[in-house]
Amino acid sequence: QVQLVESGGGLVQSGGSLRLSCAASGRTFSSYAMGWFRQAPGKEREFVAAIAWSGGGTYYADSVKGRFTITRDNAKNTVYLQMNSLMPEDTAVYYCAARGQRIGYKDFANYDYWGQGTQVTVSS
């Protein structure tokens, strides 16, 4: 089992920045690829960013590319999502997730463990 706890969400004005953190406990964190997803009211959960277990590969949704950066610190069992130039359409609950052996970083069904989510609200 892997337990994931997100933090860092909040209310920010358009153009502002937030950094989300996801702290992991349980089984070996460094053996899991990690991802961030988000879900806005009335919408489906969507992929935001992912990072390989080693941190050597990162992937982004087109909507956040150039604005968001995913990183991980395996020594601290933590993955981060730095969000810059935030826009109102970024408003959502953000979830971190851990993916074991399944292939495909964009599909939320391939992730084994999920955090409880943290709310990000961007005002215009």
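Of note:
- Complete set of residues in the stretch 12-60 that are among the hydrophobic types (A, V, I, L, M, F, W, C), within 15 Å of E89 (Cβ to Cβ) and open to solvent by 40 Å² or more (accessible area, probe 1.4 Å): none
- For the residues A52, A23, the requirement of being closer than 18 Å to Q119 by Cβ and among the hydrophobic types (A, V, I, L, M, F, W, C) singles out A23.
- Residues of the stretch 67-76 satisfying the condition of being open to solvent by 50 Å² or more (accessible area, probe 1.4 Å) and modelled with pLDDT of 95 or more: T69, T71
- Among residues of the stretch 97-124, those that are buried (at least 17 other Cβ atoms within 10 Å of the Cβ) and touching a Ser or Thr at 6+ places or on another chain (Cβ under 7 Å), counted: 3
The values are calculated or read from the model by the stated rules, or taken from the named source; none is laboratory data. Worth saying up front: this structure is predicted, and the values here are computed from it rather than measured. Every residue, glycine among them, receives a Cβ derived from its backbone with ideal geometry; neighbour counts consider all protein chains shown. Protein only, heavy atoms only, side chains kept; ligands, DNA and RNA dropped before computing areas. Shrake-Rupley method; radii C 1.70, N 1.55, O 1.52, S 1.80 Å.
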